[in-house]
Amino acid sequence: MGVSGFIEGFSFLQRTKPRIRFLPYNIQCRNFSSSKILNGNDSLLPVLIVGAGPVGLVLSILLNKFGVQCSVLEKNKGFSQHPQAHFINNRTMEVFRKLDGLAEEIQRSQPPVNLWRKFIYCTSLTGPILGSVDHMHPKDFEKVVSPISVAHFSQYKLTRILVKMLENLGFGIHTIEDLEGLDPETLRGREILMGHECVSIDTTDECVTTTVSFSKEGKPLTRKIKSKILIGADGAGSAVRKLVGIELKGEKDLQKLVSVHFWSKELGQYLLNERPGMLFFIFNTESIGVLVAHDLTQGEFILQIPFYPPQQNLEDFNPEICKKLILKLVGQELSDIDVIDIKPWVMHAEVAERFVCGNNQIMLCGDAAHRFPPAGGFGMNTGIQDAHNLAWKIASVLKGVAPSSILTTYETERKPIAVFNTALSVQNFRAAMAVPATLGLDPTVANSVHQVINKGVGSILPSGMQKAILDGIFSIGRSQLSGLILNENNPLGSSRLAKLRHIFEEGKSLQLQFPAEDLGFRYLEGALVPDSKDVVPAPELPSGRRRDYVPCADPGSRLPHMNVKVLSNFPSEETISTHDLVSVDKVEFLLIIAPMEESYNLARAAFKAAKEYKVSSKVCMLWPADTITGFHRGSKAKLAPWKNYMDAIEVKRSSDSLSWWRTCQMTEQGAILVRPDEHIAWRSKSRIVGDPYAKMKMVFSTILGFKSTSMEPYLECLKLQDFEYWSVVLFYA
Ligand SMILES: Cc1cc2nc3c(=O)[nH]c(=O)nc-3n(C[C@H](O)[C@H](O)[C@H](O)COP(=O)(O)OP(=O)(O)OC[C@H]3O[C@@H](n4cnc5c(N)ncnc54)[C@H](O)[C@@H]3O)c2cc1C
């Protein structure tokens, strides 16, 4: 049938809503009109990433694994050496576990867990302890719900390893001086250009043109770089976000702080022997601060001190003053304090209104898309998981497997997670404030006093006087921490100490671990097929308390972890995680079934449908733990002619552990389709009713974004699959 015949045949659809416009593009050959730019013009750099922070670097590695060429711009001449983030959560470690041994390298290099499992509250580092909270539970290390556990590793050390990995993957790190022989205007990929700042962005139908400024021999220069896709991974102050006019929504300026990076082996050794911990909250009459022990053995620390500009300015925190502050917080002399960096920063709780813009050519990732309090360590972790969500989608588009509309699901999926993690971080930040508030040092009062001095009557006073008033008020506040008040014999002190004990015991202080949120976050819509009778739960509010993760196989969830043995390796006893069944170096969907006749039918249908959509698929037959080995040999005949399959057998932790299907709360007649980012794209809880091939075609077309489930009736009726050279785009009038 020709095009006009096709149109005439379905002209009734043009009279009804939604209206249909027919556009000539080939669903099989995938010259999607909306992604013409993205998969045409092979001379263009596929992806340009602005920002060589952890998120930009991880995204580069992931894209490279999927065979997508990308280059990175970094405005600084060197990589950041400031140890900002340090807590790597469970899900991020799972992502790292599959990146050439990155997680193992972190585990080898991080301090032993006994040195960082606690938060300690004290009046000085050598003085009385007000309380301590151990954030690690024995089950955190049992590898029941995850093949790996959390880590404590400084951001700059992580960056160093990521850069090394990229170099091993063939990336070149180019300084301005060393650009000879490289034409940055026609980058081919695998370049990291240091000292190059993105200053303007221009989007046309053909490409994104990024103007980059740099300086050579003191002269400011610019150059233009063209790419198919531009990623803003340029941090909390994102130039990309501002240049494309995306606003942030949320709360600004929750707190201003100064971050002091220093070394002291003496302090490290003392704490290592006497009171090892990760965070030390120190409250005394002379000073207040939070000490982050990045590495006790090496004596590497960050001190966070509240900062109240404009009455205070950065000169008030020069290295000598910082040394004195450190000593006040330590409570005794140290001879080897070496302050190496002092950096102010502002805590916000904001999420970008959009993560994707410019005809699906520009995306924001990491702090560029969301910036929230570091309480609970969700910032970098959320950013790395953004990159994990985005990489396979970009690869699918650039390889011509999916239309560019799949990129909009990046925002649909990740923005609610960012909003949720922002709320969780704010709640956790407020929990952190419960301790000083109980001690009579309510930080909200301090902030209000500061506001009055800034904006109220105080603002007309000379700046020196404003500073003196602020210091005076703060010092009166800190007098609450005097030993005369804060002791069991003083009624006020003893009541405060009792309240503190209650806060710690009840888990109402700052928490570090959120397994339910860390592993249990779920995408409710996006590149997935929701359960047909899925009652979409109302968005859950963060509880602020540690809650256990409960394995779940609902569409959008992360694939539950279980140890399995691959039967082709028999008699090897080696076990792998169900996560390892998912490929890391190609965009491939994994179908997990039980070895049953109807499931084999479904698997053959899945292979056929995936082939039609030119997407790679693999099938895993998961045999029950008590199966006699050897049965699996039947899979070959059952699945012929398809070959990309494996038989694996469950490895239960004990005889009363739940089977795989019970863990997933499904029957063994069910099936689970997993995306390349280990999130569940579709599942059938029980036997498929009807034609498995039609079902699997609907599943792949929905996930890849060829049609939405709401359009199914139209597309089914059009029998879209029969038309090799024409496809349909629906427009709602
Ligand atoms: C005190 C503190 C403790 C923290 N602790 C944790 C923690 O334990 N766990 C956690 O997960 N998170 C933590 N965070 C948050 C974490 O540090 C950030 O979320 C993380 O740095 C974000 O990474 P990113 O790659 O998105 O951005 P960044 O790390 O900010 O990197 C962005 C990069 O882009 C570059 N850049 C900026 N503008 C341009 C431009 N115009 N052109 C070119 N390059 C540009 C910058 O120079 C920078 O190198 C903490 C933050 C703070 C402040």
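The values are calculated or read from the model by the stated rules, or taken from the named source; none is laboratory data. What you see is a predicted model; the values in this text were computed from it and never measured. No Cβ is skipped: glycine too gets one built from the backbone with ideal geometry, and neighbour counts run over all protein chains shown. Heads up: the accessible areas ignore ligands, DNA and RNA and are worked out on the full protein's heavy atoms, side chains in. Shrake-Rupley method; radii C 1.70, N 1.55, O 1.52, S 1.80 Å.
A few points about this structure:
- Once region 70-84 is narrowed to residues that are within 9 Å of the ligand (Cβ to nearest atom) and open to solvent by 40 Å² or more (accessible area, probe 1.4 Å), the residue that is nearest to GLU142 (Cα to Cα) is GLN84.
- Residues that are within 13 Å of the ligand (Cβ to nearest atom), assigned to a loop (DSSP other than H, G, I, E, B) and more than 30 Å from ARG478 (Cα to Cα) occur at least once in region 376-396.
- For the criterion of being over 24 Å from the mean Cα position of the chain (by Cα) and near the ligand (Cβ under 10 Å from one of its atoms), THR210 passes.
- Residues within region 41-60 that are under 16 Å from ASN381 (Cα atoms) and among the β-branched types (Val, Ile, Thr), tallied: 2
- Within region 177-223, the set of residues being assigned to a strand (DSSP E or B) and within 16 Å of GLN69 (Cα to Cα) comprises GLU191, ILE192, LEU193, VAL208.
- The residues of region 360-393 that are under 23 Å from GLN304 (Cα atoms) and among the aliphatic types (A, V, I, L, M), listed by number, are ALA368, ALA375, MET380.
- Any chance SER710 is open to solvent by less than 40 Å² (accessible area, probe 1.4 Å), under 36 Å from the mean Cα position of the chain (by Cα) and either of a type in the set (Ser, Thr, Tyr) or at pLDDT below 85 (or both): no
- Some residue of region 85-101 being more than 12 Å from the ligand (Cβ to nearest atom), without any contact (Cβ under 8 Å) to a residue 60 or more places away in the chain, surrounded by fewer than 21 Cβ atoms within 10 Å (Cβ to Cβ) and over 20 Å from HIS196 (Cβ atoms): yes
- Qualifying residue in region 340-350 (condition: touching a Phe, Trp or Tyr at 6+ places or on another chain (Cβ under 6 Å) and open to solvent by less than 30 Å² (accessible area, probe 1.4 Å)): yes
- Top-ranked residue of region 397-417 - restricted to ones that are among the hydroxyl-bearing types (Ser, Thr, Tyr) and open to solvent by less than 10 Å² (accessible area, probe 1.4 Å), ranked as nearest to the ligand (Cβ to nearest atom): TYR410
- The single condition from (1) within 15 Å of the ligand (Cβ to nearest atom); (2) modelled with pLDDT of 95 or more; (3) assigned to a loop (DSSP other than H, G, I, E, B); (4) not hydrophobic (A, V, I, L, M, F, W, C) that GLY67 fails is (1).
A quick yes/no check of all residues on (1) more than 16 Å from the ligand (Cβ to nearest atom); (2) open to solvent by less than 40 Å² (accessible area, probe 1.4 Å); (3) modelled with pLDDT of 80 or more; (4) on the phi > 0 side of the Ramachandran plot:
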{"site": "GLY2", "(1), (2), (3), (4)": "yes, no, no, no"}
{"site": "ARG19", "(1), (2), (3), (4)": "yes, no, no, no"}
{"site": "ARG30", "(1), (2), (3), (4)": "yes, yes, no, yes"}
{"site": "LEU44", "(1), (2), (3), (4)": "yes, yes, yes, no"}
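- Scanning region 583-601 for residues that are of a type in the set (Phe, Trp, Tyr) and either in contact with a Phe, Trp or Tyr (Cβ under 8 Å, 6 or more places away or on another chain) or modelled with pLDDT under 95 (or both) yields one hit, PHE589.
- From LEU497, LEU512, residue being over 26 Å from LEU99 (Cβ atoms), modelled with pLDDT of 90 or more and open to solvent by less than 50 Å² (accessible area, probe 1.4 Å): LEU497
- Of all residues in region 187-207 being more than 12 Å from the ligand (Cβ to nearest atom) and of a type outside the set (D, E, K, R), the one that is surrounded by the fewest Cβ atoms within 10 Å (Cβ to Cβ): THR204
- Pairs meeting the criteria (first residue in region 344-367 and free of Cβ contacts under 8 Å to residues at least 12 places away in the same chain and of a type in the set (Gly, Ala, Ser), second residue in a strand (DSSP E or B) and open to solvent by less than 30 Å² (accessible area, probe 1.4 Å), beta carbons under 6 Å, at least 6 apart or on different chains) are lacking.
- Odd one out for THR285 among (1) at pLDDT 95 or above; (2) open to solvent by 10 Å² or more (accessible area, probe 1.4 Å); (3) more than 16 Å from the ligand (Cβ to nearest atom): (1)
- Subset tally (residues that are farther than 30 Å from PHE96 by Cβ and in a loop (DSSP other than H, G, I, E, B)) for region 559-607: 4
- Here LYS226 clears all of (1) in contact with a Leu (Cβ under 7 Å, 6 or more places away or on another chain); (2) within 14 Å of the ligand (Cβ to nearest atom); (3) assigned to a strand (DSSP E or B) except the condition numbered (2).
- Filter result for ALA387 (within 30 Å of LEU257 (Cβ to Cβ), touching a His at 6+ places or on another chain (Cβ under 7 Å) and open to solvent by less than 10 Å² (accessible area, probe 1.4 Å)): no
- Only one of PHE429, PHE504, PHE420 that is over 28 Å from GLY331 (Cα atoms), of a type outside the set (Gly, Ala, Ser) and modelled with pLDDT of 85 or more: PHE420
- Residue check, SER124 among the hydroxyl-bearing types (Ser, Thr, Tyr), more than 16 Å from the ligand (Cβ to nearest atom) and in contact with a Lys or Arg (Cβ under 7 Å, 6 or more places away or on another chain): no
- Every residue from region 241-279 that is within 28 Å of GLN361 (Cα to Cα), more than 16 Å from the ligand (Cβ to nearest atom) and in a loop (DSSP other than H, G, I, E, B): GLU247
- Enumeration of residues in region 359-375 that are more than 12 Å from the ligand (Cβ to nearest atom) and open to solvent by less than 30 Å² (accessible area, probe 1.4 Å): ASN360, GLN361, ILE362, MET363
- When residues of region 315-358 are limited to those that are part of a helix (DSSP H, G or I) and within 16 Å of the ligand (Cβ to nearest atom), the one modelled with the lowest pLDDT: PHE317
Yes or no, residue by residue, for (1) of a type in the set (Asp, Glu); (2) free of Cβ contacts under 8 Å to residues at least 12 places away in the same chain:
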| site | (1), (2) |
| --- | --- |
| LEU528 | no, no |
| ASP531 | yes, no |
| ILE576 | no, no |
| LYS636 | no, yes |
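- Identity of the residue in region 150-176, touching a Leu at 6+ places or on another chain (Cβ under 9 Å) and in a strand (DSSP E or B), that ends up surrounded by the most Cβ atoms within 10 Å (Cβ to Cβ): HIS152
- Only one of ILE672, ILE703, ILE688 that is assigned to a strand (DSSP E or B), of a type outside the set (Ser, Thr, Tyr) and either open to solvent by 30 Å² or more (accessible area, probe 1.4 Å) or in contact with a Lys or Arg (Cβ under 9 Å, 6 or more places away or on another chain) (or both): ILE672
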